[in-house]
1. Based on other C-beta atoms within 10 Å, arrange LYS266, LYS54 from fewest to most.
2. Sort MET379, MET361, MET226 by Cβ crowding within 10 Å, fewest neighbours at the top.
3. When we measure straight from the Cα of LYS151, which aspartates and glutamates land under 17 angstrom away, once same-chain ones fewer than 8 places off are left out?
4. Out of the GluC sites (Glu not before Pro) in segment 227-307, which ones are loop residues according to DSSP with at most 13 other C-beta atoms within 10 Å?
5. Kindly put PHE232, PHE332 in sequence by how many other C-beta atoms sit within 10 Å of each C-beta, fewest to most.
6. When the helices in the chain are scored as -39500 (n - 2.57) per DSSP H run of 4 or longer and the sum is shared across all residues, what 222 nm value do you end up with, to the nearest 500 deg cm²/dmol?
Amino acid sequence: MVSTGLIDVAYNALLVLLGLIGIPFWGILLLLKGRSPLPYLLGFRREELACLEKKKVLWIQAVSVGEVSAVIPLLKAWREQRPDWSILLTTTTATGQAYARQWAAPHVDVIGYFPVDFVPVVVRVLNQVKPAAFVMVESEIWPNFLRLAKKRGIWTGLVNGRLSDRSYKKYLCVKGLLGPIWQRIDIFCVQTTLDAERFSRLGVDPSRMVVTGNIKFDISYPEISMEERRAFLASLGWDHGQKVFTAASTHAGEEELLLRVFLALKEKYHCRLVLAPRHPHRREEVEKILQSAGVTWNLRSRPQEAEFDRDVLLLDTFGELALVYAVGEPVFVGGSLVPVGGHNILEAAAQRRAVIYGPYMHNFREIEANFRQAGVGIMVADEEELQRVVADCWDHPEQWRELGEKAYQLLQKHKGATKATLAQVPAGGHKDET
């Protein structure tokens, strides 16, 4: 095994090199966006952290939207059970930051960007924040940050830990370099036994791992009332009894296929389609696809321009998946007919919907297996099979409603990961020794 000191030297040399190469790109990004999280990446403003000074600080780092959504139940539980703590939540991506400010803000004291992992920056930020505990979500590691946190006696943990096929293969390539870095993390709370086995093969001490389950099962999804459903459909000029096919979290290569399925069924079932791309910034790209397909559509972001009884609603807003899952039957979750790895199917189950998805669900392997074994997760191989399954839903609505109830019960059965995770984090953290 390579020595810890040599690993740190090599890592920091690589950071310097990448930083020098990346300066022009940073400049271009600043010009294009007009604003930047750069000040946050280099440290926080003093006034932002004033509210953290009188309590112990829990710092949670969640890279993007998926990690932020996963950790919200833990934030809620921590706030309720440990009111003597302040909470700092940071993200790496701008989309994660926007999501955190919309959905996590009530449960934390400060939201910001995670600093770049350069030693001077990390030292400055740790001097500013002085956390008693630092928690990372899912699978990321920050060698300099973890080393300096360990040196200060800050408790560190990984929660909702998982290793996708892609991440596992990537880490295997540098397995010999990871051992010393793993030692800087006090506890690994992982989702499944497979994740535990993978972390163990990568050099994590099994005595510092606990299988706590997936916190995403504990997310409190909104309940959509019948009145809300009726009002939503009415705003589109769609009848309450309208057959609606909801396709959410779609990626490039899926929209064309879904539109072909919709058009093949439209005449017989007089159906409508809700299309919710995973990334709203793809709106113009998807609009061109809709235009080429010869369908009419409304944009959710422009209700004032909506025209009644269009074929498709293009959902180009955040935070409304629960609503479109509630009005759609059946529902399809994308990123799964193309090799992306799938997306969260639990939100659809929370609306009492069985879920259709493609064969590429490796990012949610255990959740998908649980749903498929219970008969409430329906995997389709291709366009032809998807068309058959959607038609079957409309031909046998009572059977599909029963499946939806079973999906909801399965979701309830797997709750509890938040409680198990919280039990692994010491209530007092570690004191900053500097």
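Bear in mind these aren't lab numbers, they're just calculated from the coordinates by the rules spelled out. Worth saying up front: this structure is predicted, and the values here are computed from it rather than measured. Neighbour counts run over all protein chains shown; Cβ positions are idealised from the backbone, glycine included.
1. On the way: LYS266 16, LYS54 8.
The most exposed by this proxy come first: LYS54, LYS266.
2. Details: MET379 17, MET361 23, MET226 9.
Ordered by Cβ neighbours within 10 Å, fewest first: MET226, MET379, MET361.
3. ASP8, ASP117, ASP186, ASP432, GLU433
4. Numbers: sites: GLU227, GLU228, GLU254, GLU255, GLU256, GLU267, GLU284, GLU285, GLU287, GLU305, GLU307; in loops: GLU254, GLU307.
Loop-located and lightly packed - GLU307.
5. On the way: PHE232 18, PHE332 28.
Ordered by Cβ neighbours within 10 Å, fewest first: PHE232, PHE332.
6. -14000 deg cm²/dmol
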